[in-house]
1. Restrict the search to the range 40-85; then list the chymotrypsin sites (Phe, Trp or Tyr not before Pro) that DSSP places in a loop and that have at most 15 other Cβ atoms within 10 Å of their Cβ.
2. What residue among ALA88, ALA97, ALA15 shows peak mean-square fluctuation when the chain is described by a Gaussian network model with Cα springs under 10 Å?
3. First select every other residue whose beta carbon is under 14 angstrom from the beta carbon of ALA97; then total the charges, Lys and Arg +1, Asp and Glu -1.
4. Add +1 for every Lys or Arg and -1 for every Asp or Glu among the other residues with Cβ under 15 Å from the Cβ of LEU34, and state the total.
5. Name all residues of the range 38-62 having a backbone nitrogen under 11 Å from the label point set 7 Å from the Cα of ASN92 along its Cα→Cβ direction, giving them as ranges.
6. Check SER98: other-chain or 5+ apart residues with amide H under 5 Å from its amide H, H built from backbone geometry?
7. For VAL31, put the label point 7 Å out on the Cα→Cβ axis and report which residues of the range 71-96 keep their amide N under 19 Å from it.
8. When the Cα centres of the range 2-46 and the range 52-114 are compared, how far apart do they sit, in Å?
Amino acid sequence: MVSHFVNLQIVVPEATIQGGSGEHHVDVGSVIDLVCIIDKSPTPPQYVFWYHNNHMINYDTARGGISVETVPGVRTQSRLTIRDTNDADSGNYTCSASNTEPASIYVFVSEGKQ
């Protein structure tokens, strides 16, 4: 009888939002710039979606000023940019990829002196 020993290492893909200490503060009229990194993925995710308060962000909205740029690879990067922010842009932002648990950050949009 011959025995073979195999060392199996399970790698779980992770999504993180850069600078994600849980919250992010920006001034009214400035830019929200969030970067989601999908790491440890054996293949690039099929999609990366962004949500604001659990609603998928529609990049073609009449609001305008919203863009998403995703660069797939061993370390996929997705950047959400929202220009000319206002109070309504405050809230929870989540990036969700096809092969990871989502990552979230809370963004506060406020007047500069608060």
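Please treat every number below as a calculation from the coordinates, not as lab data. Being a predicted model, the structure only gives us computed values, none of them experimental. Heads up, the Cβs are rebuilt from the backbone with ideal geometry, glycines too, and the neighbour counts pull from every protein chain shown.
1. The qualifying sites are TYR47, TYR59.
2. For the chain, modelled as a Gaussian network with Cα springs under 10 Å, the answer is ALA88.
3. 0
4. Every neighbour counted, the sum reads -2.
5. It comes to 52-55, nothing else.
6. For SER98, the qualifying residues are GLN46, TYR47.
7. Answer for the range 71-96: 71, 77-87, 89-90.
8. Cα centroid to Cα centroid, the span is 15 Å.
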